[in-house]
1. Output the qualifying pairs, or none if there are none: Cβ atoms under 7 angstrom, residues six or more apart or on different chains, first residue in region 13-39 and among the small types (Gly, Ala, Ser), second residue in a loop (DSSP other than H, G, I, E, B).
2. Enumerate the strands (runs of 3 or more DSSP E) found wholly within region 161-259, keeping only those where 3 or more residues are open to solvent by less than 40 Å² (accessible area, probe 1.4 Å) and within 13 Å of the ligand (Cβ to nearest atom).
3. Only one residue in Asp48, Asp37 is of a type outside the set (A, V, I, L, M, F, W, C) and open to solvent by less than 40 Å² (accessible area, probe 1.4 Å), so which one is that?
4. For Asp95, which of the numbered conditions (1) within 16 Å of the ligand (Cβ to nearest atom); (2) farther than 19 Å from Ala14 by Cβ fails to hold?
5. Could you tell me whether Ile109 is farther than 15 Å from Gly169 by Cα and either touching a Phe, Trp or Tyr at 6+ places or on another chain (Cβ under 9 Å) or open to solvent by less than 30 Å² (accessible area, probe 1.4 Å) (or both)?
6. Against the definition (assigned by the TED database to the domain that holds Asn233, within 14 Å of the ligand (Cβ to nearest atom) and open to solvent by 30 Å² or more (accessible area, probe 1.4 Å)), how does Lys137 come out, yes or no?
7. So Ser28 passes all but one of these: (1) more than 29 Å from Asn250 (Cβ to Cβ); (2) at pLDDT 95 or above; (3) part of a loop (DSSP other than H, G, I, E, B). Which condition number does it fail?
Amino acid sequence: MTQMNITDKPIRIAIIANGKYQSKRIASKIFNVLRDDPDFYLSKKNPDVVITIGGDGMLLSAFHMYEKELDTVRFVGIHTGHLGFYTDYRDFEVDKLIDTLRQDQGDSISYPILKVKVTLDDGRVYRSRALNEATVKRIEKTMVADVMINKVKFERFRGDGILVSTPTGSTAYNKSLGGAVLHPTIEALQMTEISSINNRVFRTLGSSLIIPKDDRIVLVPKRLGTYTVSIDNKTYHHKNIAKVEFYISNHKIHFVSTPSHTSFWARVKDAFIGDLDS
Ligand code: NAD
């Protein structure tokens, strides 16, 4: 757990809700309570704390809204459905969240995020940050790409694409592809194949790889054409990619450390196993 600078100034709060009626209702309830409290200042500009209302998708969107201010912002999520991976509070726990903010001492829980650098053949460079994962796919034909790990040519991949996830993203798309669930305190990336072709001629490792903090994965496409790069919930199309680099960012995402912070393994159990006892 780390502590951010807390001063006597009011805590600047941004409230970000998705379009659902229930989320908007909760947003206006929080707004009305905090508006008249001198300990808080409601503003979407330079917030200290961002409250998201919705689900994991809403938290992902808020992360991208404030991705350039990660060192000074802490997030806290209210889930309007079942418990999410990035959300500590349920919709009926708004009062509990407000109490937590009143007692806030600046404590935070921080998790690694992914940095992605796409370089095109003509030299143009596009940099992004991902909270869950990034994928590179070739839609119209088989993707053929060399996978380099720390400048070692590891394998030539043929198939639909490659996904690289953060630890917190390991339970999302990565898991659907058969990747491992990684505890978010482990500072590592995970590379998982998307429908690789494996036969007597073409060979890849087949299993997911866990890559430590300072290692770098570089994907070098072997064919010209259009590639689709996804960063969390956003998709980009690039023509003629020279390489895509993946590494852990120097910045982290910080969450408000709350008494309601659910253990990671409890979240995994709740989301994927439930109460089945057989
Ligand atoms: P969305 O909000 O519908 O999210 C899709 C689902 O992923 C939701 O059930 C959400 O709760 C869950 N999810 C998101 N982050 C998670 C996490 N870290 N751990 C466990 N579950 C998580 O759609 P969106 O807003 O476009 O979300 C984008 C995310 O959807 C992507 O980051 C990707 O991880 C996921 N996704 C999954 C698949 C798949 O599983 N086949 C395919 C595409 C995208």
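The values are calculated or read from the model by the stated rules, or taken from the named source; none is laboratory data. The structure presented is a predicted model; accordingly, all values stated were derived computationally and were not measured. Using ideal geometry, Cβ is built from the backbone for each residue, glycine included, and neighbour counts are taken over all protein chains shown. All accessible areas refer to the heavy atoms of the entire protein, side chains included, with ligands and DNA or RNA removed. Shrake-Rupley method; radii C 1.70, N 1.55, O 1.52, S 1.80 Å.
1. Close Cβ pairs (under 7 Å, with a partner that is in a loop (DSSP other than H, G, I, E, B)) amount to Ala14/Ser43; Ala14/Lys44; Ala14/Pro47; Ser23/Thr80.
2. Where strands (runs of 3 or more DSSP E) fall fully within region 161-259 and carry at least 3 residues being open to solvent by less than 40 Å² (accessible area, probe 1.4 Å) and within 13 Å of the ligand (Cβ to nearest atom), they are 188-196, 226-231.
3. Working: Asp48 fails: open to solvent by less than 40 Å² (accessible area, probe 1.4 Å).
Answer to the check: Asp37.
4. Against the list (1) within 16 Å of the ligand (Cβ to nearest atom); (2) farther than 19 Å from Ala14 by Cβ, Asp95 comes up short only on (1).
5. Values: farther than 15 Å from Gly169 by Cα: yes; either touching a Phe, Trp or Tyr at 6+ places or on another chain (Cβ under 9 Å) or open to solvent by less than 30 Å² (accessible area, probe 1.4 Å) (or both): yes.
Spelling it out, Ile109 is indeed farther than 15 Å from Gly169 by Cα and either touching a Phe, Trp or Tyr at 6+ places or on another chain (Cβ under 9 Å) or open to solvent by less than 30 Å² (accessible area, probe 1.4 Å) (or both).
6. Values: assigned by the TED database to the domain that holds Asn233: yes; within 14 Å of the ligand (Cβ to nearest atom): yes; open to solvent by 30 Å² or more (accessible area, probe 1.4 Å): yes.
Yes.
7. Here Ser28 meets the rest and fails (3).
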